[in-house]
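To start, the structure under review is shown below, and the notes come after it.
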There are 2 protein chains.
Amino acid sequence: MARPRQFDEDQVLRAVRDQFWDAGYTATSLEDLMRVSGLGKGSLYGAFGDKHQLFLRALREYTDTSGGHLREMLTSAPRALDALRAFVLAPVSDPGGTAAQRGCLMANSTCELATTDPDVLAEARRTYEATTALVAECVVRAQDEGDLPRDVDPVATARALLAAQQGIVFMGRTGLDIDTLTATARTLADRFLPDA
Amino acid sequence: MARPRQFDEDQVLRAVRDQFWDAGYTATSLEDLMRVSGLGKGSLYGAFGDKHQLFLRALREYTDTSGGHLREMLTSAPRALDALRAFVLAPVSDPGGTAAQRGCLMANSTCELATTDPDVLAEARRTYEATTALVAECVVRAQDEGDLPRDVDPVATARALLAAQQGIVFMGRTGLDIDTLTATARTLADRFLPDA
DNA sequence: CGTATGGTGGACCGATCAGTCAATAATTCG
DNA sequence: CGAATTATTGACTGATCGGTCCACCATACG
């Protein structure tokens with residue numbers, strides 16, 4: 001029984017997320033956040049709390065969204081092996097390669113803040129634990145389908161695939177051209193995943 | 001014919017580098033830099049210019065030092081294949097795993113600043129180009145020694161090994177425990193480098 | 001020993017930082 | 001329609017930012 005919000009919370013979170021993504025957490029000022037969200041300080045603070053809380057919300061929005069995409073990617077393909085291959089190649093799936101240079105918000109934030117921000121570190125551990133579990137599930141399915149040998153440890157394999165994928169993401173962030181990056185991702189995928 | 005510097009430039013650069021390493025570029029203030037270096041503002045500005053120039057100097061000091069270590073690592077081992085293995089395992093060579101959590105200053109800086117700081121991006125490209133070349137040389141040597149097949153492209157292999165190594169570095173930054181991280185690095189190394 | 005040179009430390013600057021607060025506006029419910 | 005409630009806006013705060021400047025001082029050279 002009062003005045004309703006005049007903005008869409010998710011839309012604001014996405015705008016704020018993009019700002020943090022491009023400039024990093026520390027280098028983003030409240031003025032930046034007001035500009036990209038179109039909101040005043042009072043509204044931002046009223047709806048999300050301070051800068052740090054807002055960042056964690058945006059980060060969570062990001063991990064939830066990309067976690068959803070990941071789950072879909074890993075379960076939609078008919079063959080699990082193809083899904084794993086798509087997982088490693090995901091960082092170069094953007095045609096222009098512009099997305100590659102942006103890197104991953106979770107990874108960028110971890111590199112920037114892991115030493116000083118326990119909340120971000122915890123979110124990183126949570127995210128990569130969950131990702132490992134999802135990929136490991138897919139590895140088991142690939143084993144069931146006869147595409148991967150039975151004697152490899154699914155979780156260890158998942159961790160190696162995740163590390164390789166994050167390595168690709170990082171090389172993309174350095175501005176490595178998309179063709180070279182794609183070739184590198186393929187090389188890594190080929191070593192882990194037979195056939196093609 | 002004037003008063004000589006009362007500090008060792010390299011020592012200051014190392015202290016400053018550690019500060020940037022732990023807190024990131026943006027989150028490090030001039031007060032922090034004065035504290036860790038023991039110098040006043042005037043001395044810092046007189047010797048190194050502004051914060052950005054000082055950061056680039058510290059970053060260069062870091063890449064030069066680790067580039068030297070890398071070169072030594074890749075050339076000192078009797079067998080090139082062992083050197084390549086050591087390269088992939090380097091991020092977990094620290095016994096306690098504390099170094100692993102710190103990550104790599106160049107990588108952290110790239111993730112934080114790649115979008116906004118052309119100088120850092122250029123330094124990253126330069127560094128990883130040089131690293132690729134060094135590793136590729138070592139791959140050729142391993143081929144000459146009969147430990148790697150002749151038909152693989154040395155540069156492509158080097159890029160894949162570098163990406164895998166950076167993936168390990170990143171997983172270490174997320175705080176993944178050192179044992180799991182070591183196992184992951186071994187898994188990656190084993191796929192690329194036969195024998196042991 | 002005096003003077004020129006350049007290093008040193010800290011006061012100081014305007015700008016910007018994150019965050020607070022109160023006046024105002026918009027909405028719902030009685 | 002009026003009262004209660006909450007969103008919105010923007011002025012304001014004290015702190016801190018990066019950077020400048022200058023008075024002071026240690027040294028080297030004549």
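The values are calculated or read from the model by the stated rules, or taken from the named source; none is laboratory data. If you're wondering where the values come from, they're calculated on a predicted model, not measured in any experiment. For neighbour counting, all protein chains shown are included, and Cβ atoms are generated from backbone atoms with ideal geometry for every residue, glycine included. In case anyone asks, the SASA skips ligands and DNA or RNA and just uses the protein heavy atoms, side chains included. Shrake-Rupley method; radii C 1.70, N 1.55, O 1.52, S 1.80 Å.
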Exercise. Among the lysines, select those whose C-alpha is under 20 Å from the C-alpha of A:Lys41, and discard any that sit fewer than 8 residues away in the same chain.
Key: A:Lys51
Exercise. Rounded to the nearest 10 degrees, what's the angle between the helix A:154-173 long axis and the longest principal axis of chain A, both from Cα atoms, 0 to 90?
Key: 60 degrees
Exercise. Sort by residue number and report every cysteine in the protein assembly as shown with no other cysteine beta carbon within a distance under 4.7 Å.
Key: A:Cys104, A:Cys138, B:Cys104, B:Cys138
Quiz prompt | Summed buried accessible area for B+A [probe radius 1.4 Å, Å², rounded to 100] | solution = 3600 Å²
Quiz prompt | Shielded by partner chains, segment A:105-123 residues - at least 20 Å² of accessible area, 1.4 Å probe, vs chain alone | solution = A:Asn108, A:Thr110, A:Cys111, A:Glu112, A:Ala114, A:Thr115, A:Thr116, A:Leu121
Practice problem: Please calculate how many Å² of accessible area segment A:61-192 carries per residue, with a 1.4 Å probe and no DNA, RNA or ligand atoms counted. | Solution: 39 Å²
Quiz item: For segment A:61-192, what % of the accessible area comes from carbon and sulfur atoms, probe 1.4 Å?
Solution: 54 percent
Quiz item: For segment B:62-192, rounded, prolate or oblate, judged on the Cα gyration tensor with a ≥ b ≥ c (square roots of eigenvalues), a/c < 1.5 rounded, else prolate if a/b > b/c?
Solution: oblate
Quiz item: Per the helix-only calculation at 222 nm, which mean residue ellipticity applies to the protein assembly as shown, given -39500 (n - 2.57) for every DSSP H run of n ≥ 4 and division by its residues, nearest 500 deg cm²/dmol?
Solution: -23500 deg cm²/dmol
Quiz item: How do B:Met171, B:Met34 stack up against each other in accessible area, from largest to smallest, with a 1.4 angstrom probe?
Solution: B:Met34, B:Met171
Quiz item: Given just the C-alpha atoms of segment A:134-174, how large is their convex hull per residue in cubic angstrom?
Solution: 61 Å³
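Whenever you get a sec, line up B:Thr182, A:Thr28 from highest to lowest accessible area (probe 1.4 Å, protein heavy atoms).
B:Thr182, A:Thr28
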Quiz item: Contour minus end-to-end for A:Arg71 and A:His52, with contour as 0.36 nm per residue of separation and end-to-end as the Cα-Cα distance?
Solution: 4.0 nm
Self-check item: Pair-distance profile P(r), taking every C-alpha pair of the protein assembly as shown, with 10 angstrom steps and integer %
Solution: 5, 22, 30, 24, 13, 5, 1, 0
